[in-house]
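The structure appears right after this line, and notes come after that.
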Amino acid sequence: MKIHEYQAKQTLSRFGVTTPRGDIAYSAEEARGIAERLGGTVVVKAQIHAGGRGKAGGVKLAHGSNEAERVADEMLGKRLVTIQTGPEGRVVKRVLIEEGLEVARELYLGLVIDRASMRPVFMASSEGGVEIEVVAAEHPENILKEFIDPALGFQSYQARKLAFGLGLDAKLVGEAARFFASLYRAFEQTDASLVEINPFVVTRDGRLLALDAKMNFDDNALSRHKDIRELRDLDEEDPLEVKASNYNLNYIRLSGNVGCMVNGAGLAMSTMDIIQYAGGQPANFLDVGGGANEEQVRRGFEIILSDAHVKAVLINIFGGIMRCDIVASGVVAAAKSLAIKVPIVVRLEGTNVELGQKILSESGLNFTVAHGMKDAAEKVVALAKSSGD
């Protein structure tokens, strides 16, 4: 789960991470009031779940409350298109008004789970304020890493090592180490999957602050964090993904035109790979799970077909826990109730496969039956191309 920048800063502040003074505004008038309270130059920042806001005009300086009101009015209600939103962009519904700071240095801090070592890793770089992916690709030697033993936690010597590695003034090392420790404590105690401070700044008067903040959380741990769960902004999520989560379906929208319905995440990944190998592009990842019932299958179909880009659908089911006849019944029910107009390719293997195939053949509907994954991928890609022409 993702949250907004202002929410991340509020969360981090509870753990002692220092952030600029500021507040959230939902109208230009509120922005003016906040700017008046802060005084001087302020920064107006559009709040959407995407990076690259500055380059897209979503972060602007305002010299005084009048300009803050004008800038906020220009942003609110407008669609902001960044490198991470795609061409459809995101509508700005709130802006963060923060004090302007005189920045001496911009650095980078990040905490993620490193899957290779199966440990949290604290990353830092002297090249802040830019895309860390670019730094990693072009100058990997500029990224410092400290791997953390979960049993021991983040050690003070690791914090000092990072502070010195960033080239911070000796008199700031102690404060930086405390900042880093607070950041790790927030990461650990909120079950975050990502904490990123970019930039982490040193001001001209020697303060250390999180000028920007990003936090993502492990969905599987949200049951332990009611306060964080309530920060979820459904307006920032794909409506189909939200709808799927309400039916306990794992759905992720992609950019292709071949809809996929699969049971099991590993099979879903393999299905998407073989579709691309056959020359097509998957339109989604949809895992109905090993114990899905007829209603969930129907709902899954409904979600797939709500995507106007889908030109053909591949149902690839291995009947282990989930029986093939249940899948077939759900597919037939969905096809009849939704008046499906795109071609459907079905590949069934496993428990009750003969019964499942019989249900499909006797449905009176025009399903294309495939034998094996390669055959299924080739057939659905061909049908998608002909349907799109």
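The values are calculated or read from the model by the stated rules, or taken from the named source; none is laboratory data. Everything numeric in this text was worked out from a predicted model, so none of it was measured. Note that we place each Cβ from the backbone using ideal geometry, even for glycine, and neighbour counts take in every protein chain shown.
Only a single item in (1) at pLDDT below 95; (2) outside the structural domain of Arg229 (by TED's automatic domain parsing) is not met by Met1, and it is number (2). Taken over region 199-229, the criterion of being touching a Lys or Arg at 6+ places or on another chain (Cβ under 9 Å) and in a loop (DSSP other than H, G, I, E, B) is satisfied by Gly206, Asp212, Ala213.
Residues in region 74-112 that are of a type in the set (A, V, I, L, M, F, W, C), assigned to a strand (DSSP E or B) and farther than 25 Å from Leu209 by Cα: Leu80, Val91. List every residue pair whose Cβ atoms lie under 8 Å apart, where the two residues are 6 or more positions apart in sequence or sit on different chains, the first residue falls within region 138-150 and is in the same structural domain as Leu166 (by TED's automatic domain parsing), and the second residue, located anywhere, is among the charged types (D, E, K, R) and part of a strand (DSSP E or B). Listed pairs, sorted by first residue: Phe147/Asp114; Phe147/Arg119; Ile148/Arg119; Asp149/Arg119; Pro150/Arg119. If you scan region 353-373, which residues turn out to be polar (S, T, N, Q) and in contact with a strand residue (DSSP E or B) (Cβ under 6 Å, 6 or more places away or on another chain)? Answer for region 353-373, where residues must be polar (S, T, N, Q) and in contact with a strand residue (DSSP E or B) (Cβ under 6 Å, 6 or more places away or on another chain): just Thr368.
Exactly one residue out of Thr18, Thr11 is polar (S, T, N, Q), modelled with pLDDT of 95 or more and either under 27 Å from Leu234 (Cβ atoms) or in contact with a Gly (Cβ under 6 Å, 6 or more places away or on another chain) (or both), and it is Thr11.
Can you tell me which of Ala186, Ala177, Ala163 is part of a helix (DSSP H, G or I) and in contact (Cβ under 8 Å) with a residue 40 or more places away in the chain? Exactly one of Ala186, Ala177, Ala163 is part of a helix (DSSP H, G or I) and in contact (Cβ under 8 Å) with a residue 40 or more places away in the chain, namely Ala186.
Screening Glu99 on (1) surrounded by fewer than 18 Cβ atoms within 10 Å (Cβ to Cβ); (2) closer than 30 Å to Lys161 by Cβ; (3) of a type outside the set (Val, Ile, Thr) shows it passes everything except condition (2).
The listed residues are Ile48, Ile24, and the only one of them that is assigned to a loop (DSSP other than H, G, I, E, B) and buried (at least 16 other Cβ atoms within 10 Å of the Cβ) turns out to be Ile48. Looking at Ile304, Ile326, just one residue is of a type in the set (A, V, I, L, M), more than 24 Å from Ala221 (Cα to Cα) and in contact with an Asp or Glu (Cβ under 8 Å, 6 or more places away or on another chain), and that residue is Ile326.
Return yes or no: is Ser126 free of Cβ contacts under 8 Å to residues at least 40 places away in the same chain and not basic (Lys, Arg)? Here the answer is no, as Ser126 does not meet what is asked. When each of Val262, Val202, Val195 is tested for being among the aliphatic types (A, V, I, L, M), modelled with pLDDT of 85 or more, over 30 Å from Gly174 (Cα atoms) and out of contact with any Cys (no Cβ under 7 Å at 6 or more places or on another chain), the lone residue that passes is Val262. You will find that of Ser270, Ser255, the residue that is at pLDDT below 95, assigned by TED's automatic domain parsing to the domain that holds Arg298 and closer than 30 Å to Val59 by Cα is Ser255 and no other. When region 120-160 is filtered for residues that are farther than 21 Å from Lys214 by Cα and part of a loop (DSSP other than H, G, I, E, B), the ones remaining, listed by number, are His139, Asp149, Pro150, Ala151, Leu152, Gly153, Gln155. All of (1) at pLDDT below 95; (2) of a type outside the set (S, T, N, Q); (3) assigned to a helix (DSSP H, G or I); (4) within 23 Å of Ile143 (Cβ to Cβ) hold for Asp235 with one exception: (4). Residues that are in contact with a Pro (Cβ under 9 Å, 6 or more places away or on another chain) and crowded, with 17+ Cβ neighbours inside 10 Å number at least 3 in the following strands (runs of 3 or more DSSP E) confined to region 249-365: 258-262, 312-319.
When restricted to residues that are over 22 Å from Lys336 (Cα atoms) and touching a residue at least 40 places away in the same chain (Cβ under 8 Å), region 285-304 contains 1.
Checking every residue in region 48-59 against the condition of being among the hydrophobic types (A, V, I, L, M, F, W, C), farther than 30 Å from Arg178 by Cα and more than 27 Å from the chain's Cα centre (by Cα) gives zero matches. Every listed requirement among (1) under 18 Å from Leu231 (Cβ atoms); (2) touching a Ser or Thr at 6+ places or on another chain (Cβ under 6 Å) is met by Gly52 save one, (1). Scanning region 362-383 for residues that are over 14 Å from Glu349 (Cα atoms) and not polar (S, T, N, Q) gives Glu362, Gly364, Leu365, Phe367, Ala377, Glu378, Lys379, Val380, Val381, Ala382, Leu383.
Is it the case, given these coordinates, that Ser363 is over 18 Å from Ala384 (Cα atoms) and within 34 Å of the chain's Cα centre (by Cα)? No: the conditions fail for Ser363. Within region 124-146, identify whether any single residue is more than 30 Å from Lys55 (Cβ to Cβ) and surrounded by fewer than 15 Cβ atoms within 10 Å (Cβ to Cβ), and answer yes or no. Within region 124-146, not a single residue is more than 30 Å from Lys55 (Cβ to Cβ) and surrounded by fewer than 15 Cβ atoms within 10 Å (Cβ to Cβ).
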